[in-house]
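Notes follow the structure.
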Amino acid sequence: RLQESRQRLSVCSKLCYAVGGAPYQITGCVLGFFLQIYLLDVAQVDAFYASIILFVGRVWDAITDPMVGFFISKTSWTRFGRLMPWIMFSTPFAIISYFLIWFVPDISTGQVMWYLVFYCAFQTLVTCFHVPYSALTMFISREQSERDSATAYRMTVEVLGTVLGTAIQGQIVGKVDTPCIESPFFFGLTNSSVAMEELNMTHDTESLTDTRNAYMIAAGVIGGLYILCAFILVLGVKEKRESSELQSDEPVSFFQGLKLVMNHGPYIKLIAGFLFTSLAFMLLEGNFALFCTYTLGFRNEFQNILLAIMLSATLTIPFWQWFLTRFGKKTAVYVGISSAIPFLIAVVLVDSNLIITYMVAVIAGISVAAAFLLPWSMLPDVIDDFKLQHPSSHGHEAIFFSFYVFFTKFTAGVSLGISTLSLDFAGYQTRGCSQPGQVNFTLKMLVSAVPVGLILLSLVLFKLYPINEEKRRKNKKALQDLREESNSSSESDNTELASIV
């Protein structure tokens, strides 16, 4: 009991650890919800080039995860730890690149390259923050229950971070009326080009300039929150080397470790299931602002609808933590993720009604909470299972976390690029007050039919995931016995050495 009490984390430590997850979620939520509509309607980037920016940025973001995981595995331990220096040194440069994403350069050519460079730069730097932070889960305590508890704190703060990001960005930008241009078809087909030219002349740039300034103000506020959260994490959390390693461990090379990790069946089945789940929610995230603005016609309400989703998700994280403790993590996956399906269908079948849309948003947030919490709660179980099968191999935590993020980000980049490109093919009108019927139909497919299909596929894959509650309890007991055996062996060696001396 004394040993277990020493392993317990204080509430303050858990809170400081949890706060460190907010920067990634705040910036990721803002980029996911607002970057597409910003590029199309504020920076006025052509839809084809916007799809290239989003696709390349997401794919590059995915590639950097295993790269950073590799370099972390080669990093020596310092007095701050092995992971903390990455978090400290990447933060200031990430803030600068994030701010420049939301700046519209006064250049006639090279605008696409501007956004591509700084978007990729920020994704690289935020990866240098988030991969070591994710791996830090295994270095704060040996106790599985303490890691699960800290993960629940983290998920609550992370979802709260998405609420903050949505609220800050949405409310600051939403107060400014972004000018739109009526469809030229209202003026007759014969002089549509002349009508469009006249409309472009009459909509002066002052109002659009106000919108651009609002985006930069929001970026400044979010950058300040990023720095504050990183500061609290570094000061409030101690990275414990002994929490992850057995005393008998021998180091294994990165590529040997990668081969071992990728041959671990439970890990492959888990990331395959969450791969399609994250794809579904990222498609919804990336296109929901456009869907609310054009298909539902809630141009001045979409930021509040997004806020309702994120706030509902934040409030239901404790419920899902209780649910997975009471009924098991696999059951929580089935119930939590599948609960989104009827509401994704309802949002496109029900006629445009603001009250019904808010109701659907609040209930859909419950499923979003489950999708946030469960992957990070289940990955440590897979790592524990791996350690039992490979007790002489250690230091691969960053590989597990970074390659999970790699697969989800890579496929999300492909899907987001394709979805934006499909809007271009459907005839998306930049700064249009309304969109053609083909665009509205495409948006309905992107936020309803495709995500529902991906969720159903993920549920089939989760059926193959072998670590249930009984297996998890056995692994916990076996790992505890292995550590006690390792510690007792080390103590006997030290006693024998002392007697010889």
Listed residue pairs exceeding 21 Å between alpha carbons, taken from LYS240/LYS471; LYS74/LYS471; LYS329/LYS474: LYS240/LYS471; LYS74/LYS471
Given the C-alpha centroids of region 339-386 and region 65-95, what is the distance between them in whole angstrom? 32 Å
In vacuo Debye sum over C-alpha of region 67-115, base-10 log of normalised intensity I(q)/I(0) at q = 0.25, 0.30, 0.32 Å⁻¹, listed in q order, is -0.92, -1.09, -1.14
Cα centroid distance between region 255-282 and region 445-489, in Å? 11 Å
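Can you pull out the chymotrypsin sites (Phe, Trp or Tyr not before Pro) in region 328-374 that DSSP calls coil and that have at most 15 other Cβ atoms within 10 Å?
Passing sites in region 328-374 do not exist.
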What does the charge count near CYS29 come to, summing +1 for each Lys or Arg and -1 for each Asp or Glu among other residues with Cβ under 15 Å from its Cβ? -1
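Starting from the eigenvalues of the Cα gyration tensor, five times each then square-rooted, give me the equivalent ellipsoid semi-axes of region 252-488, largest first, whole Å. Present the calculation step by step, with values, prior to reporting the outcome.
Values: eigenvalues 310, 79, 34 Å².
The equivalent ellipsoid of region 252-488 has semi-axes of 39, 20, 13 Å.
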Going from most exposed to least, what order do ARG326, ARG58, ARG147, ARG212 have by accessible area with a 1.4 Å probe? ARG326, ARG212, ARG58, ARG147
Heavy-atom accessible area of GLU469 with all protein chains present, probe 1.4 Å, nearest 10 Å²? 40 Å²
Would you calculate the separation in nanometres between label points at PHE71 and VAL56, each defined as 7 Å from the Cα along the Cα-to-beta-carbon direction? 2.1 nm
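How large a share of the accessible area of region 252-488, in percent, is made up of carbon and sulfur atoms when the probe is 1.4 Å and the other protein chains stay in place?
Values: 6230 of 9210 Å².
Ligands and nucleic acids excluded, carbon and sulfur reach 68 percent.
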Need the full-extension length gain, GLN171 to CYS12, defined as separation in residues times 0.36 nm minus the C-alpha distance. One decimal, nm. 54.1 nm
Area of LYS269 that stays accessible when all protein chains are in place (1.4 Å probe, Å², to 10): 80 Å²
Which FRET efficiency value, to the nearest 0.05, is calculated for MET359 and PHE441 with the Förster distance at 22 angstrom and r the Cβ-Cβ distance? 0.35
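What FRET efficiency comes out for PHE327 versus LYS476 if R0 is 25 angstrom and r is the Cβ-Cβ distance? Round to the nearest 0.05. Walk me through the numbers on the way to the answer.
Details: r = 18 Å, r/R0 = 0.71.
Here the calculated transfer efficiency is 0.90.
The values are calculated or read from the model by the stated rules, or taken from the named source; none is laboratory data. The shown structure was predicted, so the numbers you read here are calculated from the model rather than taken from an experiment. Backbone-built Cβ (ideal geometry, glycine too); neighbour counts: all protein chains shown. Areas reflect the complete protein model, heavy atoms only, side chains present, ligands, DNA and RNA absent. Shrake-Rupley method; radii C 1.70, N 1.55, O 1.52, S 1.80 Å.
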